[in-house]
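Engineer: My questions all concern the structure below.
The values are calculated or read from the model by the stated rules, or taken from the named source; none is laboratory data. Since we're looking at a predicted model, the values are computed, not measured. We place every Cβ from the backbone using ideal geometry, glycine too, and count neighbours over all the protein chains shown.
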Amino acid sequence: MDRILEVDGDNRLMVVQPGVTNQAVQQAAAKAGFFWAPDPTSSAVCTVGGNLACNSAGPRAVKYGTPRENTLGLRAVTGDGREFRTGVFTTKGVVGYDLTRLLIGSEGTLGIITEAVLRLTPLPQAKRTLQALYQDMESAAAAVSRIMAQPVTPCALEFIDGKAIAMIRSYSEADLPEDAGALLMIEVDGSSACLAEAAAAVTEAARGKGCLEVQEASTPAEVERLWKTRKALSPALRKIAPKKINEDVVVPVSKMPELIGGLGALGERHEITIVNFGHAGNGNIHVNLLVDPDDRAAMKRAEQCLSEVFDLVLSLRGTLSGEHGIGLDKLPFVDRELDEVSLELMGGIKARFDPAGILNPGKKIPFQRV
Ligand SMILES: Cc1cc2nc3c(=O)[nH]c(=O)nc-3n(C[C@H](O)[C@H](O)[C@H](O)COP(=O)(O)OP(=O)(O)OC[C@H]3O[C@@H](n4cnc5c(N)ncnc54)[C@H](O)[C@@H]3O)c2cc1C
């Protein structure tokens, strides 16, 4: 089930089967002058079915949203074998409950998606890439708030913290000044006529207390050079720690300085190295606890630290996961975020869609408790 059934530029939509890769969708859409906004880094290998089931997205989400904002309708099969259609082929529609958004992000626990109507967006004419360096993460987090408070929404606003920069320095040839304690990668897109003004507005917001420099790429080679540091991060992380506990918490953008400060304090208290990076424009932070799985005392401290990380996130009006979902690892923490009534309602929904509980069994939210 990996076919693209229809590309309809006039109505800005595409009908696909769930086994098609995200990359194949982008290639087919681009031929017609469009793109599908969700852009997980795994794009070359991940499928639209997986993207929808996990509501997966990447850097572009800050401006263009996730699958929930970019899917018009679905075809699916319930756990007891009933086929149904959700949503519309139009950009407006209010008939009935929104089962499309309900299925998206349900991690395959409510139905098997067999077809999707994807909402397409015209490709921007041009893009500008900026890199901003800060003396510390607090200054960078404050800059993110300033950038998000002005009218130009970047199409990427990524950050890495000081510990991540130090790690990259030890494992690759990072071209960064010694005093850089945090980095923002910023991209703006749009029509060629307006782009210089948009880049200038974002640059002004990026500058401020603690900003060391803002560089703008003027050639494709420079774009690649500026992204090199960010791209060196994942290989460096894999080398440095035998095990990393990688969470993907989200807080309101204005709460990022508080979260980053709190994570620093938790890391010190539990003697765990915590490296942070992520999608700053969404407040979506990949919190990496670096631990040696053979060190039992360290693993125990990491577990306690993680539990307190989640409490901190929730105290800041955040959510436990912005991308990875609940899966198996986060099941024990779900009832810290969802109240008893919500859990009970969700239990009822699950029972209607999948009475025998055969869809991704074991990944079910712990409704039984209520
Ligand atoms: C290197 C790497 C980078 C990544 N980067 C990102 C990122 O930037 N952003 C992000 O959000 N995620 C990222 N991920 C996570 C993952 O790639 C995404 O969540 C992706 O969308 C999963 O798609 P998949 O095809 O791999 O799904 P699978 O792993 O096959 O399935 C994921 C879940 O979806 C369910 N599912 C799959 N198809 C259907 C269907 N047709 N109907 C119902 N349920 C279904 C499965 O049952 C399973 O529970 C990354 C993963 C890797 C390995």
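Engineer: Can you find even one residue in region 66-79 that is under 29 Å from ASP189 (Cβ atoms), surrounded by fewer than 19 Cβ atoms within 10 Å (Cβ to Cβ), in contact (Cβ under 8 Å) with a residue 24 or more places away in the chain and more than 9 Å from the ligand (Cβ to nearest atom)?
Structural biologist: Checked against the condition, which is being under 29 Å from ASP189 (Cβ atoms), surrounded by fewer than 19 Cβ atoms within 10 Å (Cβ to Cβ), in contact (Cβ under 8 Å) with a residue 24 or more places away in the chain and more than 9 Å from the ligand (Cβ to nearest atom), region 66-79 yields at least one hit.
Engineer: Please enumerate the residues belonging to region 39-64 that are free of Cβ contacts under 8 Å to residues at least 60 places away in the same chain and either crowded, with 17+ Cβ neighbours inside 10 Å or within 8 Å of the ligand (Cβ to nearest atom) (or both).
Structural biologist: Across region 39-64, the qualifying residues are ASP39, THR41, SER42, SER43, VAL45, CYS46, THR47, GLY50, ASN51.
Engineer: Name the pairs whose Cβ atoms lie under 8 Å apart, with the first residue in region 354-366 and over 10 Å from GLY108 (Cβ atoms) and assigned to a loop (DSSP other than H, G, I, E, B), the second of a type in the set (Gly, Ala, Ser) and away from the ligand (no atom under 12 Å from the Cβ), and 6 or more positions between them or separate chains?
Structural biologist: What qualifies is LYS364/GLY357; ILE365/GLY347.
Engineer: If you go through region 313-332, how many residues are more than 19 Å from the chain's Cα centre (by Cα) and at pLDDT 95 or above?
Structural biologist: The total comes to 1.
Engineer: Does PRO124 satisfy the criteria of being over 30 Å from ALA265 (Cβ atoms) and in contact with a strand residue (DSSP E or B) (Cβ under 6 Å, 6 or more places away or on another chain)?
Structural biologist: yes
Engineer: While we're looking at this one, here's another question. Checking ILE160 against (1) assigned to a strand (DSSP E or B); (2) at pLDDT 95 or above; (3) under 24 Å from the mean Cα position of the chain (by Cα), only one condition comes out false. Which one?
Structural biologist: Only one criterion is unmet by ILE160, namely (2).
Engineer: Of the residues GLY267, GLY283, which is in contact with a strand residue (DSSP E or B) (Cβ under 6 Å, 6 or more places away or on another chain) and under 23 Å from LYS63 (Cα atoms)?
Structural biologist: Only one candidate passes the filter, namely GLY283.
Engineer: Residue pairs, Cβ under 6 Å, 6 or more apart or interchain, first in region 139-160 and over 16 Å from LEU259 (Cα atoms), second of a type outside the set (A, V, I, L, M, F, W, C) and surrounded by fewer than 17 Cβ atoms within 10 Å (Cβ to Cβ). List them.
Structural biologist: No pair meets every condition.
Engineer: Just wondering, is there one or more residues in region 258-280 that are among the polar types (S, T, N, Q) and over 20 Å from SER170 (Cβ atoms)?
Structural biologist: Checking region 258-280: not a single residue is among the polar types (S, T, N, Q) and over 20 Å from SER170 (Cβ atoms).
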